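Take a look at the structure set out below.
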Amino acid sequence: MVALMNQNMTQSSCWPYDLMPLSHYFSLKGKVAVVTGAAHDIAAHTARLLAAAGAQVAVLDVLEQDGQTLAQSMDRSGTRIRFWPLDVSDEVAVQRVFCEVEAYFGRIDILVNCAGVDCIDLSAQAPTRNKWETLIEVDSYGALLCTVQVIGAMERAGGGAIVNLSSMSCVCNMNEAAGFNASIIRKMTKADAVHYGARNIRVNSVQPGFIRAPALTTTVSQSNSPELLLNDLASYNPMRRIGATGDVAAGILYLVSDASRFITGIELVIDGDYICRNVE
């Protein structure tokens with residue numbers, strides 16, 4: 001046992017109980033991150049935060065103008081931040097874009113699967129085939145395609161970190177469509193964490209609660225009393241407020257950084273404690 005411990009210590013970059021410099025824990029300097037669905041909302045905030053932490057970032061989205069605008073606002077030279085148009089449900093396009101990203105930056109260390117469609121109004125009681133197919137193709141199949149495609153690049157880089165954006169709906173049955181899709185991502189995350197762990201590739205998921213983003217804002221604005229509805233939603237949380245996109249982006253930064261280097265297969269719920277209070 002002692003010999004095994006000594007062997008592991010020599011293979012490790014440092015004694016596991018030694019503190020690294022604080023700046024090292026969350027630094028992404030020298031790393032390349034890919035963020036899908038990055039033109040808006042949580043994904044856009046995530047792209048900005050990863051870039052601020054030192055990463056070079058590939059901004060991917062089907063919304064070309066918005067994606068270009070975001071990338072240019074972050075880096076007008078296009079040397080550190082670059083946009084690629086991508087429909088994550090298109091297997092051929094996914095393969096082509098990820099090859100281009102690796103060729104341009106020289107490596108890929110981080111993948112954040114944020115691309116998704118709004119399923120707030122999609123009900124299992126009144127489904128439409130087109131909506132269900134789009135939901136599964138973009139949210140679940142798209143995350144799978146991007147994950148499978150990035151593995152080779154991460155192995156060539158010596159390892160990597162993948163984060164799948166999910167939903168607390170798979171834990172508390174708020175929306176059947178969202179819950180069904182989130183359950184697929186949940187199982188995929190855990191299976192991939194086991195499968196790719198030996199290759200030094202970590203896979204985790206983030207499950208946001210009520211977040212003040214356009215999808216929620218649009219739904220709330222359609223009510224007779226938007227502010228009253230927002231207050232009601234906030235009252236469900238013990239923290240008595242709705243989260244911000246930065247709250248989720250910070251959690252994603254943690255999961256892709258060295259601060260979480262021994263964490264894989266987890267579900268990081270960022271919901272202001274909604275689940276603990278509202279799920280039996």
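Assorted remarks:
- Residue within the range 39-48 that is of a type in the set (Val, Ile, Thr), in a helix (DSSP H, G or I), modelled with pLDDT under 95 and crowded, with 22+ Cβ neighbours inside 10 Å present: yes
- Screening the range 137-147 for residues that are aliphatic (A, V, I, L, M) and at pLDDT 70 or above and picking the one that is surrounded by the most Cβ atoms within 10 Å (Cβ to Cβ) gives 143.
- The single residue among 116, 106 that is touching a residue at least 60 places away in the same chain (Cβ under 8 Å) and farther than 25 Å from residue 251 by Cβ turns out to be 106.
- The range 166-224 - residue that is at pLDDT 60 or above and of a type in the set (D, E, K, R) and, of those, farthest from residue 272 (Cα to Cα): 199
- Check on residue 78, modelled with pLDDT of 95 or more, at positive phi and more than 20 Å from the chain's Cα centre (by Cα): no
- Output for the range 52-68, where each listed residue is surrounded by fewer than 19 Cβ atoms within 10 Å (Cβ to Cβ), polar (S, T, N, Q) and in contact (Cβ under 8 Å) with a residue 12 or more places away in the chain: 68
- Restricted to the range 237-280, and to residues there that are over 18 Å from residue 186 (Cβ atoms) and among the β-branched types (Val, Ile, Thr), the residue that is modelled with the highest pLDDT is 256.
- When 70, 60 are screened for being assigned to a strand (DSSP E or B), modelled with pLDDT of 95 or more and farther than 21 Å from residue 156 by Cα, only 60 passes.
- Positions within the range 27-45 being in contact with a Gly (Cβ under 9 Å, 6 or more places away or on another chain) and within 18 Å of residue 259 (Cα to Cα), in sequence order: 27, 28, 29, 30, 31, 32
- The number of residues in the range 73-101 that are in a helix (DSSP H, G or I) and of a type in the set (S, T, N, Q) comes to 2.
The values are calculated or read from the model by the stated rules, or taken from the named source; none is laboratory data. Quick caveat, the model's predicted, so the values are computed rather than measured. Reconstructed Cβ throughout: ideal geometry from the backbone, glycine too, with neighbour counts over all protein chains shown.
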